[in-house]
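The structure appears right after this line, and notes come after that.
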Amino acid sequence: MAFSWLRKALGPKASRLRIGSLWSTPTPNAGWWRDDPTEQLRQYQSWVYAAVNAIAQEIGRQRPYCYRNWGQAEHEQTPLVANHPLVQLLEHPNPKMTPWELWYLTVLYLELTGNCYWHVASRGDGLPGELWIIPTHWIRIVTHTSVYAYAYELRVPGAPAEYFSPEEIIHLKYPNPLDVYYGLSPLQANALTIDANAELQRSRWQTFQAGQRPGMVLQTDQTLNDATVVRLEEKLQSKFSGRENWQRPLVLEQGLKASPWTFTPAEMDYLNSCRLTRDEIFALFRVPPPVAGMIETVGLGADIWHGARTIFCEGTIQPKLDLIAQALTRDLARRFDADLVIAFPDCSPRNQDQRRLDDELDARLGLRTVNEIRRARGLKPFSDGKFDQPRCLGHVAERPSLGN
């Protein structure tokens, strides 16, 4: 008998299931993929896709502005001309990629793996000429006792390993309190929530695969034969199937009672778990549901959408833009000149209206010149010298009294 020697070794109480379990594939622990970049990228689906895609698309719309910094005041920041090599590099990163794709993929890798690697290709004179994004799961940092990052090892599937010096790679990452080399993504920090959502989705699919549940239950105290059951099913299907018959009254034969098939408390809790994991995923990426495409509350008015956009831009997008801009100032802009800075404009929708009011007030009170305001907005200043002079206030009306 097959496996008789193994059954004898395990003892007389060994069951067939117990023997078979020795060869079954063990179920991996929850969150087993959190340190594997390839598996992290495979989590880009379901609600993770909805949240990360919303972030990446919003940042893909942003455009950095580059300026020469002479001091802390706004008038001490001189925007770079359009044909400056740094401006041209960010506008045309490489022949195969648009700026939108560059920022989209950058944020995508940061959100899923906590790291993003740019390969800086020289144009021949030592200055950067092209920027290429390297998939995160192809890169490994080679450490050394005396150097922070000795080299970057690139392993493309099917090709031999290639090594790049630290000067050839710009490493963008989210801060990680447990590792000074690799970043920590929101996905990694909440791996259990992601796995719970994946299992709920698989369970729902298995429910559909196993068969649909009936919409109605017919009850009777009589004993029905197979022919009678088939006749009743066909009669109900022919009379009540289709959207044109959904309000048609139901007349039952004597002794039959009809009742809807309702959800049990356990099934209701299952549905609530799906919503809970969805909301947890949106919360960990800090994406309001309306921004991710959930329209449950958008119908209440435009203020709901505007409020969600404001929270999203101020609390989620702007901090990421600031992190990326500071890292690129250090690792990219300083290669062209020590006083060059890369920054992103404030993306909050409400701050744009407030900024226009502030500019108008500053110009009216003579706090800033017209050309200073134009430079701050990235516009070309007027050639007429009068626009470099503060506006003459003239006679200022006396402030009205607030008392009686």
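The values are calculated or read from the model by the stated rules, or taken from the named source; none is laboratory data. Bear in mind that the values here come from a model prediction, so they are computed numbers and not experimental data. In this analysis, Cβ positions are derived from the backbone assuming ideal geometry, glycine residues included, and neighbour counts consider all displayed protein chains.
Close Cβ contacts (under 6 Å, 6 or more residues apart or on different chains) running from residues in the stretch 54-70 that are without any contact (Cβ under 8 Å) to a residue 60 or more places away in the chain to residues that are surrounded by fewer than 18 Cβ atoms within 10 Å (Cβ to Cβ) comprise Gly60/Trp100. In contact (Cβ under 8 Å) with a residue 12 or more places away in the chain, outside any helix (DSSP H, G or I) and within 30 Å of Leu379 (Cα to Cα): is that true of Trp100 in this structure? The answer is no for Trp100.
The single condition among (1) touching a helix residue (DSSP H, G or I) at 6+ places or on another chain (Cβ under 8 Å); (2) at pLDDT 85 or above that Asn371 does not meet is (2).
If we scan the stretch 322-329, do we find a residue that is at pLDDT 85 or above, under 20 Å from the mean Cα position of the chain (by Cα) and surrounded by fewer than 16 Cβ atoms within 10 Å (Cβ to Cβ)? Yes: the stretch 322-329 contains one or more residues that are at pLDDT 85 or above, under 20 Å from the mean Cα position of the chain (by Cα) and surrounded by fewer than 16 Cβ atoms within 10 Å (Cβ to Cβ). Taking the stretch 149-169 as the range and being touching a residue at least 24 places away in the same chain (Cβ under 8 Å) and either in contact with a Leu (Cβ under 6 Å, 6 or more places away or on another chain) or assigned to a loop (DSSP other than H, G, I, E, B) (or both) as the test, only Ala149 passes. If you go through the stretch 348-368 and keep only what is surrounded by fewer than 16 Cβ atoms within 10 Å (Cβ to Cβ), small (Gly, Ala, Ser) and assigned to a helix (DSSP H, G or I), you end up with nothing. Residue check: Pro79 meets all listed conditions (1) farther than 17 Å from Ile133 by Cβ; (2) under 23 Å from the mean Cα position of the chain (by Cα) but one, namely (2).
With respect to the conditions (1) basic (Lys, Arg); (2) farther than 18 Å from Leu131 by Cβ; (3) touching a residue at least 24 places away in the same chain (Cβ under 8 Å), Lys380 lacks only one, and its number is (3).
Counting just the residues of the stretch 383-397 that are surrounded by 10 or more Cβ atoms within 10 Å (Cβ to Cβ) and within 17 Å of Glu360 (Cβ to Cβ), which one comes out modelled with the lowest pLDDT? Of everything passing the filter in the stretch 383-397, Arg391 is modelled with the lowest pLDDT.
When Phe312, Phe282 are checked against the criterion of being part of a helix (DSSP H, G or I), in contact (Cβ under 8 Å) with a residue 40 or more places away in the chain and under 30 Å from Leu131 (Cβ atoms), Phe312 stands alone in meeting it. Taking Leu379 as the residue in question, decide whether it is part of a loop (DSSP other than H, G, I, E, B), out of contact with any Gly (no Cβ under 8 Å at 6 or more places or on another chain) and surrounded by fewer than 16 Cβ atoms within 10 Å (Cβ to Cβ). Answer is yes for this residue. Those helices (runs of 4 or more DSSP H) of the stretch 181-246 in which at least 1 residues are at negative phi and at pLDDT below 80, considering only elements entirely within it, cover 191-210, 226-240.
Across the stretch 103-134, the number of residues qualifying as surrounded by fewer than 19 Cβ atoms within 10 Å (Cβ to Cβ) and either touching a residue at least 60 places away in the same chain (Cβ under 8 Å) or assigned to a helix (DSSP H, G or I) (or both) comes to 2. Condition check: aliphatic (A, V, I, L, M) and closer than 14 Å to Leu332 by Cβ. Does Ile141 satisfy that? Here the answer is no, as Ile141 does not meet what is asked. Looking only at the stretch 126-156, residues that are small (Gly, Ala, Ser), closer than 15 Å to Val180 by Cβ and over 29 Å from the mean Cα position of the chain (by Cα) come to 1 in all. Only one of the numbered conditions (1) in contact with a strand residue (DSSP E or B) (Cβ under 7 Å, 6 or more places away or on another chain); (2) crowded, with 18+ Cβ neighbours inside 10 Å is violated by Asn371, and that is (1).
For the stretch 307-317, filtered to residues that are out of contact with any helix residue (DSSP H, G or I) (no Cβ under 6 Å at 6 or more places or on another chain) and surrounded by 19 or more Cβ atoms within 10 Å (Cβ to Cβ), the residue that is modelled with the lowest pLDDT is Ala308.
The residue that is nearest to Pro166 (Cα to Cα), among those in the stretch 328-347 that are touching a residue at least 24 places away in the same chain (Cβ under 8 Å) and part of a helix (DSSP H, G or I), is Asp331.
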